[in-house]
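Working notes, beginning with the structure itself.
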Amino acid sequence: MGDKNFLLVMCLLASTLYVAIASSDGLVRVGLKKQRFDINSINAARIKGKDSMYAKGEGSTTHDSDDSTLNTVSLKNYLDVQYFGEIGIGSPPQKFTVIFDTGSSNLWIPSSHCYFSVACFFHSRYNSSKSSTYTEIGKPCKIHYSSGTILGFFSEDNIRVGDLVVKNQVFTEAIREGSAILSLASFDGILGLGFQDMSVGNVAPLCMMQQSLVVQKVFSFWFNKDPSASEGGEIVFGGVDQKHFKGKHTYVPVAQKGYWQIDLADFLIADHSTGFCTRNCTAIVDSGTSFIAGPTAAVTKINHAIGAKGFVSMECKKVAAQYGDLMWELLLSGLQPDKLCSNIGVCFNNGTRQLSNSIEMVVEQKRERHTEVGQDLLCTACELILAWIRTELMENKTKGRVIEYVNKLCDNLPNPTRELAVDCDKVPTMPPVSFIIGNKSFNLTPEQYILKVEQN
């Protein structure tokens, strides 16, 4: 592993993900929703990042299948970084929306016994007393994600996925969801599709193959990136939907079982090797994560090539471009500095917010308050620029030199939100990014690897 590991995320691509696992009397197609997004929903989508070590398991690959026997479940679809579908738990089935996640191996949903987590009250909750097929287990469990921990206990019941019913499936009833992000999530829980040895409690993922529910040991994804389409995507258990691909598939062996981990020969920017995959370069294919992630050195090189900047720097330069001249003139006219940003409509504090001449203080205040992208960030940028311009005015520098200096300072601002952004107008001129997998180059255009976020 070392620093040569990558997380390959296919959620943003109009492509199909093929990995080997379970089986069916035909194919079961589950529609996936896409939801409109802002920064909050992006953060809500990245609750994964499982802390488990890589594990061992079994898998195999098969040929493409005829889609004439596809059993489909149609769901409403909204374009987003979250792709989720509906399952049923119990008899009669209680409905839940879940992320079908190849990056983890447990199924969990909120429990009716969840009283102390706000997230549970915003989502559907499983009530075991309403199911005739429920079996009590009660053993406590803890599932760790990068943004928090799911606390709960194991239960057993029938799970309906499409037209298939997996009997006596062990899952987790969550009684505490340790992340405020989950309150904003549009899904109720997560259905893990990784290997069993990676699961908490060594619980087997969906036992479709063991119960002879599927013929082929294959599941496949199709994620739709078209914002005008009615379908968000689908997951097929037991085969591949031939309507959603062209050409032939590229099969590669699982390099290390646990996650769906594969060898990565190289990755390129503008058709030039980055040099990071000279040896032992591996990646995981993760349907539950919405971004491409990798070592800092590699990701930084991509971000430099496409001109990505921190949100703080971007907003600072935007304020400088739109209001820099006006701020200069108003300061020269004698307007009180503590009211300037509110007077020009950037801040809405009626002059009650204390202006700080210390750039470090302002940035630290924003970090402590968990900086919000939007109006608050614009206001902070305005105050920073105001402090810089005032200082330069005292040294009798010209406006042109001051605005140029302000832009340079914007470029060097720390980025407490850790979010990066690009100018959407420059997307057509950005370079392609390519991954070499199985001796084949998989190319991403800027339109595919850039996520467009709605303002505020």
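Which whole-number percentage describes the relative contact order of the stretch 167-237, with Cα contacts under 8 Å and a sequence gap of 6 or more? Normalised by residue count, the contact order of the stretch 167-237 is 20 percent. Note on Asp338 and Ala265: the extension gain reaches 20.7 nm, defined as 0.36 nm multiplied by sequence separation minus the Cα-Cα distance.
Would you mind getting me the FRET efficiency between Thr398 and Leu420? Use the beta-carbon distance for r and R0 = 56 Å, nearest 0.05. Once rounded, the FRET efficiency stands at 0.95. Considering the stretch 231-346, its Cα convex hull presents a mean projected area of 13.6 nm². The calculated FRET efficiency for the pair Thr296 and Lys408, based on their C-beta separation and a Förster distance of 35 Å, comes to about 0.90.
Placing a pseudo-label 7 Å from each Cα along the Cα-to-Cβ vector at His304 and Lys139 gives an inter-label distance of 5.0 nm.
Looking at the stretch 215-272 alone, DSSP beta bridges between its own residues are antiparallel in about 100 percent of cases.
Based on alpha-carbon centroids, what's the gap between the stretch 115-129 and the stretch 157-180 in Å, whole number please? Result: 13 Å between the Cα centres.
Per residue, the convex hull around the alpha carbon atoms of the stretch 105-213 comes to 104 Å³.
Mean sequence separation of contacting Cα pairs (under 8 Å, at least six apart), scaled by the length of the stretch 103-201, corresponds to a relative contact order of 42 percent.
If R0 is 35 Å, the Cβ-Cβ spacing of Phe153 and Asp197 corresponds to a FRET efficiency of close to 0.95.
Under a model in which nothing but the beta-carbon of Lys, Arg (+1) and Asp, Glu (-1) is charged, the stretch 89-195 shows a dipole of about 120 debye around its Cα centre.
Taking Cβ atoms as reference points and 11 Å as the exclusive limit, the residues near Ser112 contribute a net charge of +1, counting Lys and Arg as +1 and Asp and Glu as -1.
For the stretch 421-447 and the stretch 196-243, what is the separation of their C-alpha centers, rounded to whole Å? Measuring centre to centre over Cα atoms gives 27 Å. When the alpha-carbon atoms of the stretch 163-275 are used, the pair Rg, Dmax equals 18.0, 51 angstrom. Listed values for the stretch 241-250 are Karplus-derived 3J(HN,Hα) couplings in whole Hz (6.51 cos²θ - 1.76 cosθ + 1.60, θ = phi - 60°), namely 7, 5, 6, 10, 7, 10, x, 10, 7, 9, and x replaces Gly and Pro. The value obtained for the stretch 202-252, namely the Cα convex hull volume divided by the number of residues, is 145 Å³ per residue. In the context of the full set of protein chains, residues of the stretch 213-286 present 46 Å² of accessible surface per residue (probe radius 1.4 Å, heavy atoms only). Of the peptides 186-197, 88-99, 111-122, the order by per-residue mean of other Cβ atoms within 10 Å, starting with the highest, comes out as 186-197, 88-99, 111-122.
The values are calculated or read from the model by the stated rules, or taken from the named source; none is laboratory data. Remember, predicted model here, so these are calculated numbers, not experimental data. A quick note on method: Cβ atoms are made from the backbone with ideal geometry, for glycine too, and the neighbour counts reach across all protein chains shown. Accessible surface is based on the protein model in full, side chains and every heavy atom, while ligands, DNA and RNA are left aside. Shrake-Rupley method; radii C 1.70, N 1.55, O 1.52, S 1.80 Å.
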